[in-house]
Every structure is written in C-alpha cells, then in structure tokens.
Amino acid sequence: GESVGLHLPTLSVQEGDNSIINCAYSNSASDYFIWYKQESGKGPQFIIDIRSNMDKRQGQRVTVLLNKTVKHLSLQIAATQPGDSAVYFCAETLSGSGGSQGNLIFGKGTKLSVKP
Amino acid sequence: NAGVTQTPKFQVLKTGQSMTLQCAQDMNHEYMSWYRQDPGMGLRLIHYSVGAGITDQGEVPNGYNVSRSTTEDFPLRLLSAAPSQTSVYFCASSYSERWAKNIQYFGAGTRLSVL
C-alpha cells in the first residue's frame, strides 16, 4: 500500500556541516510532498514543500530534492545549527482522492542531532 | 498570533471515561484535522473537516467522534477511553484551496494517558 518511509531513523552531524535527510515514497500518484520539523514538546512546523512537477526547490538554508524515477525525496540543510535539532517528517498527498485531497500521509521521522 | 490552540495540554483518564479535546483556530481556515502521534511513529489522521458542518474519517477513526459547528472549533471526543488511546494528539488547520490545504498549521498537542 501507500507508504512514506525514511532511510535513517537518526542522524548526528557537527555544527556547521550540511545535513541530508532522506525519504522514500511508494505511491507514484502522490503529487505533493512536504517536510515538517518537530521540536521536542511542540507540534510539527512546515519547512518546505515541492510539487511533483518540480525536481528541486530551495528555501532559506534548506533545499528539497525530488527524484520521481526512484520515488525519493531528500531535505538538505546547509550549515546545520543547534537550533536545527529536531525530528523531521516527510509527508505526501495523493492526487485524485476527492474530498480527502490534502490529507497528509506522514513518514515515521528522522531525528537530527547537532553536535556543537 | 494565537494560531491553533489545543486544550488541555495534559490529561490522565481512567479506562472507560469520556472526554473532549478542544481545538480552536483564529486563521479562518476551512480545513481542520486531528492526528495522533505514538512513540517512534509519524502522525496518523483520525478525522478531518473541510468546513463547518462537514466531517469525515481518516486512517484511525475508531473510538473518536468529531463535530464542526463553527469554522473556528473542531473538538475531538473520546467516547470510552482505552489504554490504546494513550498518545499525543495534534490538531491542525489550513486553507482549503488545493495546494494551500497541504500546508497545515499544528497546535502544540495534548498528551493523553489512559490508565
């Protein structure tokens, strides 16, 4: 069935390094992908999104890459900072699902730890 | 900037008790939803609403009821609490236009324990 999964459950990086968080999805009908950041004790917070007609999208210090051929999504964080420590979730939506359009399917999350 | 407000933040229930988790948003969002998050898991959709008077089931609706009498409020009711409902519950809202609907704003969560 449809699923969104992550290659690595935990990622530890040195402050100042770049971070790459990966995500695999299984449903080729998914047409929209989002990354959320969840800090300890808080709700998820939108980071960046990408539509299926795009391969790359950049934000402030973050870049999302989409490879539809292998159904792979990645989030790149440049110059990782201690404040980036959190759990990162990728989420997908399925097109053509009528009233449920927009319902998100979340992956299990990757915990990013930034070492000072 | 209140955004999405959830109450209570913490709750302990005994098996069989009922309660309502409150969710309110002040952004005039049409779309609202409830998720549960279990340890080491992503968020799973319980119920959602695309506007006042309209609700529908998500992935894990059993044991929960919702109603949407106003645009602002979307309460989640546990009819007879069970230990399996111990979880962190998040409410979210967004605009209903196709692409905007996917950018959801989340509340801080309600941590529920059922003994």
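Scan region B:12-43 for residues that are among the charged types (D, E, K, R) and touching a Phe, Trp or Tyr at 6+ places or on another chain (Cβ under 6 Å) and report the count.
Filtering region B:12-43 down to residues among the charged types (D, E, K, R) leaves B:14, B:26, B:30, B:36, B:38.
Checking which are touching a Phe, Trp or Tyr at 6+ places or on another chain (Cβ under 6 Å) leaves us with B:36.
Going through region B:12-43 one residue at a time, the tally reaches 1.
Considering only residues that are within 11 Å of another protein chain (Cβ to nearest Cβ) and farther than 22 Å from A:K108 by Cβ, look in region B:43-56 and name the one that is surrounded by the fewest Cβ atoms within 10 Å (Cβ to Cβ).
Among them, the one singled out is B:I54.
How about region B:3-69: which strands (runs of 3 or more DSSP E) wholly inside it have at least 1 residues that are under 24 Å from A:Q45 (Cβ atoms)?
Once the strands (runs of 3 or more DSSP E) in region B:3-69 are filtered for at least 1 residues that are under 24 Å from A:Q45 (Cβ atoms), what remains is B:4-7, B:10-13, B:19-25, B:31-37, B:43-51, B:64-66.
I'd like the full set of residues that are modelled with pLDDT of 95 or more and in contact with a Phe, Trp or Tyr (Cβ under 7 Å, 6 or more places away or on another chain), limited to region B:1-11. Don't jump to the end; show me each part of the working.
The initial filter retains those residues of region B:1-11 that are modelled with pLDDT of 95 or more, namely B:4-11.
Result: B:V4, single match.
May I ask you to say which residue of A:G107, A:G96 is under 16 Å from A:T10 (Cβ atoms), out of contact with any helix residue (DSSP H, G or I) (no Cβ under 8 Å at 6 or more places or on another chain) and either at pLDDT 90 or above or not hydrophobic (A, V, I, L, M, F, W, C) (or both)?
A:G107
Out of A:A79, A:A29, I need the residue that is within 24 Å of B:V60 (Cα to Cα), among the small types (G, A, S) and surrounded by fewer than 20 Cβ atoms within 10 Å (Cβ to Cβ). Which one?
Residue meeting the stated conditions: A:A29.
Residues being within 13 Å of another protein chain (Cβ to nearest Cβ), in contact with a Leu (Cβ under 9 Å, 6 or more places away or on another chain) and in a loop (DSSP other than H, G, I, E, B): count how many of those fall in region A:26-65.
Qualifying residue count, region A:26-65: 3.
Which residues, taken from region A:1-21, are closer than 15 Å to A:L65 by Cβ, in contact with a strand residue (DSSP E or B) (Cβ under 6 Å, 6 or more places away or on another chain) and at pLDDT 85 or above?
A:S19, A:I20, A:I21
Which residues, taken from region B:63-106, are within 25 Å of B:K14 (Cβ to Cβ), within 14 Å of chain A (Cβ to nearest Cβ) and in contact with a Phe, Trp or Tyr (Cβ under 6 Å, 6 or more places away or on another chain)?
Passing the criteria: B:F90, B:C91.
Looking at region B:32-42, which of its residues are within 7 Å of chain A (Cβ to nearest Cβ) and buried (at least 22 other Cβ atoms within 10 Å of the Cβ)?
Answer for region B:32-42, where residues must be within 7 Å of chain A (Cβ to nearest Cβ) and buried (at least 22 other Cβ atoms within 10 Å of the Cβ): just B:G42.
The values are calculated or read from the model by the stated rules, or taken from the named source; none is laboratory data. Source: prediction; values computed, not measured. Don't worry about glycine lacking a Cβ; one is built from the backbone with ideal geometry, like all the others, and counts go over all protein chains shown.
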